[in-house]
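The values are calculated or read from the model by the stated rules, or taken from the named source; none is laboratory data. Predicted, not measured: the structure shown is a model, and the values here were computed from it. Don't worry about glycine lacking a Cβ; one is built from the backbone with ideal geometry, like all the others, and counts go over all protein chains shown.
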Amino acid sequence: MNSVIPVLDPASPQAEAINDLFLQVLLISAIIFAIVAGLILIAISRGRRKQTLPEQDFGSEKTEIAWMVGPVIIVIWLVAISANLVITLNAIPKADPDGKTDLSEIDLIVTGHQWWWEVEYPKSGVISANEIYIPVGKKLRVQISSDDVIHCFWVAQLGRKIDAIPGRENYIWLEASEPGSYQGRCSEYCGAQHAWMNFKVYAVSNEEYEQWLASENKAVAQPKLLSPLASADEQLAFAGKQFFFQATCQQCHTIEGTPAKARIGPDLTHFASRKEIGAGVIENSSENLALWLKDPQALKPGCKMPNFKLNEEHLKQLVAYLETLE
Ligand code: CUA
């Protein structure tokens, strides 16, 4: 459900409230514009017909009071509805609709990195990247921060923007009224690949959400030293795992169940279940993964993943291994 103009296609109560405010302000501005432009047009057309200097008028108390009081009332009203919206969006509900859960607990920690998003579910320990799953119709309390520079977390169809600032935690609510996938973007210029710091929010049924959490929590079977009877694919994946460590990928990445524990780059534990590579740069397929590993700098110049100048054989092995990480 990626709409052409996402801000005008709200899919959460928050985004609807923002959209309402936008439409009200747009309406007032349009009326004022129409009045001002109309008066100018009338003045121009009258002046043109007469071809003489129009009658001169030097001040009218009533008009002057009207054009001061009118705008003051409009501005006060705009401030009031904007402030009301901000207060509503930031409010912390005490409990969710069924009254069971304390919503002041954090459901999701999102950390901006140049140029990708780390996504952590502290209650279940799930860590992912650039893909956020949420249950439809439920409010998730999200903590937003950054590991390096200032980024800004924004899912236009789901609500407000919130800055991701190093050394500081900001909080928002994330919720979607309808199931679907919603495009998120970094909306604060943060360096060369700011434009490719995308993420997706997948709003799914409560059941699917629990299933997703469970599958992310499951240990991934690692390819083991295999008998000569193992299939070619299994042997390739095993060689890929060995090469992963030989090529020092573990210095940046985590794969649960292996010695790879670094958190500089995205956690790869369930890499194969993700839909995109490089924070939205390309779809996650074997061909694209090979392209990415061959030269990440060609696809995303400036990103922290270096070009390891891998040969075709090592590429095949690594792809085979990473594709086992479902
Ligand atoms: Cu991160 Cu722009």
It is to be established whether one or more residues within region 299-312 are assigned to a helix (DSSP H, G or I), over 23 Å from Q222 (Cα atoms) and over 22 Å from the mean Cα position of the chain (by Cα).
no
Out of the residues in region 115-135 that are buried (at least 19 other Cβ atoms within 10 Å of the Cβ) and outside any strand (DSSP E or B), state the one that is farthest from the ligand (Cβ to nearest atom).
N130
For region 146-186, name all the residues that are part of a loop (DSSP other than H, G, I, E, B), closer than 21 Å to Y202 by Cβ and touching an Asp or Glu at 6+ places or on another chain (Cβ under 9 Å).
A156, Q157, L158, G159, K161, S177, P179
Name the single residue, out of those in region 250-289 being in contact (Cβ under 8 Å) with a residue 40 or more places away in the chain and in a helix (DSSP H, G or I), that is surrounded by the most Cβ atoms within 10 Å (Cβ to Cβ).
F271
Report, by residue number, each residue of region 194-210 that is touching a residue at least 60 places away in the same chain (Cβ under 8 Å), part of a helix (DSSP H, G or I) and within 16 Å of the ligand (Cβ to nearest atom).
H194, W196
Enumeration of residues in region 275-323 that are of a type in the set (V, I, T) and over 14 Å from Q193 (Cβ atoms)
V319
Check whether at least one residue in region 237-257 is under 19 Å from the mean Cα position of the chain (by Cα), within 27 Å of V201 (Cβ to Cβ) and not basic (K, R), and report yes or no.
no
Among the residues of region 179-193, is any buried (at least 20 other Cβ atoms within 10 Å of the Cβ) and away from the ligand (no atom under 16 Å from the Cβ)?
yes
Taking the condition modelled with pLDDT of 90 or more, out of contact with any Asp or Glu (no Cβ under 7 Å at 6 or more places or on another chain) and not hydroxyl-bearing (S, T, Y), does Q251 pass?
yes
